[in-house]
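Visitor: Have a look at the structure that comes next, please.
The values are calculated or read from the model by the stated rules, or taken from the named source; none is laboratory data. A quick note: this is a predicted structure, and the numbers were derived from the prediction, not measured. Methodologically, a virtual Cβ is constructed for each residue, glycine included, from the backbone with ideal geometry; neighbour enumeration extends over all protein chains shown.
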């Protein structure tokens, strides 16, 4: 990108202050309107069981195996969620999964209180099948309707058990389907257990890396310097954030005129605001992209790789600790990034999946690290250090930019975990002085979440 200015920008306060106030007002109004529309507008109907529901299906199903009898108490605790009084906040198909498990353990009354939530025509077919199997009421649904029910239930243990009960009611032998359902659940519980064990080992590696950092303090590394004034920084950041908020509606309007771009909607949204934000920064600082990159990533990639893997383990341990601490206080046990996780789980098409993976694992980490760690952290750290001292100033800059990073994602439930990740990314940059390290950690994090959610789905 070509250089557009000869020196860092210092706008005149006579017009800059009113302009900043106007930007803030527009952002507040847009944010308020977006929040109200989400609360008042119709919610998307979920067409199948969520990741949380499918994982619970695995746990409840697998622990019916005699080989896993010691885990039956865990299964009963998980099954307590089938109580209609505690399951009402779950999605309709999650409640449908729990209704099958409740009926299988003999609590038909609890199951009957859950079956009404399943939406759509598949929900009607599910209720008909459930009543026929567990209440001897009505009649069996037409065979051609069950594939939709099976898919909506997640194709797991509950779906297979319901199919087995339908087969038994028609005079067939349900045992092969029951064995198939049991094998499906046990295999997936083993996979979840292996993933959990790997996560524990990785978290321990992160704790070990934290001890290593504490025992080997290094002198502060030089950070990039910026000549922008405070007003210029505010205009750049607020202008980019306004572009971020406007990118979605802009690309949505384009998609209505050009329907062929719908599969690449999210990558286009991100590319729009990322390119615009980079352009704002380059213009205001008066440099080209190559010059800015040499400023923020002066060292070789190999050194950044070694540090990046350690900081990635540390980020995992820190975010895991925060998530476990806060999970009892989240409504309905929801994941802090439930909407994102559900979107990743339901994404279809190799082209769409691949392009979105490149967006979240490459484009997003590169731009966000350039903005938050490559630009805002050193700019703020230099100014805070002048009044608080180098160490305190830099640490406060890490905290402020970490919180800003969390707020930027506009996911209230995810704010604590995203802020924790942002703080670790900030310390990675402070430790190495190389933006490649924090980009690597960020990319591994996003890419790992993406792959894990796809695998679980």
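Visitor: Condition test on residue 194, is it surrounded by 14 or more Cβ atoms within 10 Å (Cβ to Cβ) and either free of Cβ contacts under 8 Å to residues at least 12 places away in the same chain or under 30 Å from residue 19 (Cα atoms) (or both)?
Guide: It is false that residue 194 is surrounded by 14 or more Cβ atoms within 10 Å (Cβ to Cβ) and either free of Cβ contacts under 8 Å to residues at least 12 places away in the same chain or under 30 Å from residue 19 (Cα atoms) (or both).
Visitor: Does residue 269 count as out of contact with any strand residue (DSSP E or B) (no Cβ under 8 Å at 6 or more places or on another chain), buried (at least 18 other Cβ atoms within 10 Å of the Cβ) and at pLDDT 95 or above? Show your work before the answer.
Guide: On the way: out of contact with any strand residue (DSSP E or B) (no Cβ under 8 Å at 6 or more places or on another chain): yes; buried (at least 18 other Cβ atoms within 10 Å of the Cβ): yes; at pLDDT 95 or above: no.
Against the criterion (out of contact with any strand residue (DSSP E or B) (no Cβ under 8 Å at 6 or more places or on another chain), buried (at least 18 other Cβ atoms within 10 Å of the Cβ) and at pLDDT 95 or above), residue 269 does not qualify.
Visitor: Let me ask something else. Can you tell me which residues in the stretch 292-308 are more than 16 Å from residue 366 (Cβ to Cβ) and in contact (Cβ under 8 Å) with a residue 12 or more places away in the chain?
Guide: 298, 299, 303, 307 - these are the residues of the stretch 292-308 that are more than 16 Å from residue 366 (Cβ to Cβ) and in contact (Cβ under 8 Å) with a residue 12 or more places away in the chain.
Visitor: Being within 27 Å of residue 121 (Cα to Cα), under 25 Å from the mean Cα position of the chain (by Cα) and free of Cβ contacts under 8 Å to residues at least 12 places away in the same chain, is that true of even one residue in the stretch 169-176?
Guide: no
Visitor: Looking at the stretch 96-112, which of the residues that are surrounded by fewer than 20 Cβ atoms within 10 Å (Cβ to Cβ) and touching a helix residue (DSSP H, G or I) at 6+ places or on another chain (Cβ under 9 Å) is farthest from residue 160 (Cα to Cα)?
Guide: Taking the candidates together, the pick is 109.
Visitor: Could you figure out which of (1) surrounded by 17 or more Cβ atoms within 10 Å (Cβ to Cβ); (2) not in a loop (DSSP other than H, G, I, E, B) isn't true of residue 226?
Guide: (2)
Visitor: Quick check: anything in the stretch 271-290 without any contact (Cβ under 8 Å) to a residue 40 or more places away in the chain, over 27 Å from residue 430 (Cβ atoms), in the same structural domain as residue 234 (by TED's automatic domain parsing) and within 22 Å of the chain's Cα centre (by Cα)?
Guide: Looking for residues that are without any contact (Cβ under 8 Å) to a residue 40 or more places away in the chain, over 27 Å from residue 430 (Cβ atoms), in the same structural domain as residue 234 (by TED's automatic domain parsing) and within 22 Å of the chain's Cα centre (by Cα), one finds at least one in the stretch 271-290, hence yes.
Visitor: Follow-up. Does the stretch 106-128 hold any residues that are farther than 19 Å from residue 50 by Cα, within 34 Å of the chain's Cα centre (by Cα) and assigned to a loop (DSSP other than H, G, I, E, B), and which are they?
Guide: Residue satisfying the conditions is 113 alone.
Visitor: Please specify each residue of the stretch 278-290 satisfying the condition of being more than 17 Å from residue 237 (Cβ to Cβ), in contact with a helix residue (DSSP H, G or I) (Cβ under 9 Å, 6 or more places away or on another chain) and part of a helix (DSSP H, G or I).
Guide: If the condition is that a residue be more than 17 Å from residue 237 (Cβ to Cβ), in contact with a helix residue (DSSP H, G or I) (Cβ under 9 Å, 6 or more places away or on another chain) and part of a helix (DSSP H, G or I), then 289 is the only one that fits.
Visitor: Considering the stretch 129-145 alone, what residues qualify as being surrounded by fewer than 20 Cβ atoms within 10 Å (Cβ to Cβ) and assigned to a helix (DSSP H, G or I)?
Guide: 131, 132, 143, 144, 145
Visitor: Please give the helices (runs of 4 or more DSSP H) falling wholly within the stretch 347-439 in which 1 or more residues are within 23 Å of residue 216 (Cα to Cα), modelled with pLDDT under 95 and in the same structural domain as residue 292 (by TED's automatic domain parsing).
Guide: Here the list reads 377-388, 390-408, 415-432.
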